[in-house]
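The values are calculated or read from the model by the stated rules, or taken from the named source; none is laboratory data. Quick caveat, the model's predicted, so the values are computed rather than measured. Note that we place each Cβ from the backbone using ideal geometry, even for glycine, and neighbour counts take in every protein chain shown.
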Amino acid sequence: MIKIENVTKTYTTGATPFQALKGVSFEINDGEFVAIMGPSGSGKSTLMHILGALDTPTTGKYILDSKDVSQLSDDELADIRKDRIGFVFQSFNLLPRASVLRNVMLPLMYAGIDRKEREQRARVALKAAGLTEEHYDHLSNQLSGGQIQRVAIARALVNNPSLILADEPTGNLDSKTGEIVIDTFQRLNIEHGHTIILITHERELAEHAERILFLKDGQLVEDTKTHKRRIIHTHDNS
């Protein structure tokens, strides 16, 4: 599904060019749950932007679903982001005065989907993300942090993307709530087969994935199986 082949990224905005990625290569298969880790300055944010079609490599290839993303125009990159990638961010990015259901329906409104289908698909996504129906009419600012993040996960799912990219999704949550959110990603991966890439600086969270890619100084220095993939059997709506 994903092939990163000898990818480099050089920024030339300052007086001296800075190479953020230095020949990174790896593959991710359909249905894998992979964590990308690294200290500040390791290149993981740059790599996340490339994987999310928010930026392109200076050299090298990024293949997503047999398409060379590294060669696409800005409009074509926008289509990739809209149709093939679901984003979950640390900051949630929900409309605080819109209902849960409307927040999840919004991407489908922009895609021109009729209201009945928008609502049906939003309900399916919310159920998959583990939020109970009693919360669908609530405003997002009436929910707990964990519930809000699960709404954001549902919004990422609603277009049925081939890839879910989660950037520090537990960064604004306490440890217990963060575990519940990671449990949600595990369920989506194991029970629904979604391919998930988790960007995190926390080793404990990364070990909930089945594989860890560790970056340092713009290079991939570790690619290991965790052998710790598990489900945290938590069923509340914290």
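Would it be correct to say that residue 214 is touching a residue at least 12 places away in the same chain (Cβ under 8 Å) and part of a helix (DSSP H, G or I)?
no
Write out, first by first residue and then by second, each pair whose Cβ atoms fall under 9 Å of each other, whose residues are 6+ apart or on separate chains, and whose first residue, in region 149-173, is under 19 Å from residue 108 (Cα atoms) while the second is modelled with pLDDT under 90 and part of a strand (DSSP E or B).
Close Cβ pairs satisfying both conditions: 152/89.
Pairs needed: first member in region 43-70, over 21 Å from residue 18 (Cα atoms); second member anywhere, among the aromatic types (Phe, Trp, Tyr) and modelled with pLDDT of 95 or more; C-beta distance under 6 Å; at least 6 residues apart or different chains.
69/62
Quick grid of which residues meet (1) among the aliphatic types (A, V, I, L, M); (2) surrounded by 17 or more Cβ atoms within 10 Å (Cβ to Cβ); (3) closer than 23 Å to residue 197 by Cβ:
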site	(1), (2), (3)
74	no, no, yes
85	yes, yes, yes
88	yes, yes, yes
97	no, no, no
126	yes, yes, yes
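Residue-wise test of (1) farther than 26 Å from residue 117 by Cα; (2) of a type in the set (A, V, I, L, M); (3) in contact with a Cys (Cβ under 8 Å, 6 or more places away or on another chain).
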| position | (1), (2), (3) |
| --- | --- |
| 150 | no, no, no |
| 169 | yes, no, no |
| 175 | yes, no, no |
| 185 | no, no, no |
| 202 | yes, no, no |
| 206 | yes, yes, no |
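I need the full set of residues from region 197-238 which are touching a His at 6+ places or on another chain (Cβ under 9 Å), modelled with pLDDT of 65 or more and aliphatic (A, V, I, L, M), in order please.
198
Could you check how many residues of region 161-188 are more than 13 Å from the chain's Cα centre (by Cα) and not hydroxyl-bearing (Ser, Thr, Tyr)?
Qualifying residue count, region 161-188: 10.
How many residues are under 13 Å from the mean Cα position of the chain (by Cα) and either β-branched (Val, Ile, Thr) or at positive phi (or both) when one looks only at region 189-210?
5
Is there a residue being among the polar types (S, T, N, Q) and in contact with a helix residue (DSSP H, G or I) (Cβ under 7 Å, 6 or more places away or on another chain) anywhere in region 26-42?
no
Output the number of the condition that residue 179 fails; it satisfies all remaining conditions of (1) under 15 Å from residue 144 (Cβ atoms); (2) among the acidic types (Asp, Glu); (3) surrounded by fewer than 17 Cβ atoms within 10 Å (Cβ to Cβ).
Residue 179 satisfies all of (1) under 15 Å from residue 144 (Cβ atoms); (2) among the acidic types (Asp, Glu); (3) surrounded by fewer than 17 Cβ atoms within 10 Å (Cβ to Cβ) except (3).
Could you check residue 189 against (1) of a type outside the set (Lys, Arg); (2) buried (at least 19 other Cβ atoms within 10 Å of the Cβ); (3) part of a helix (DSSP H, G or I); (4) in contact with a helix residue (DSSP H, G or I) (Cβ under 9 Å, 6 or more places away or on another chain) and say which number it fails?
For residue 189, the failing item is (4).
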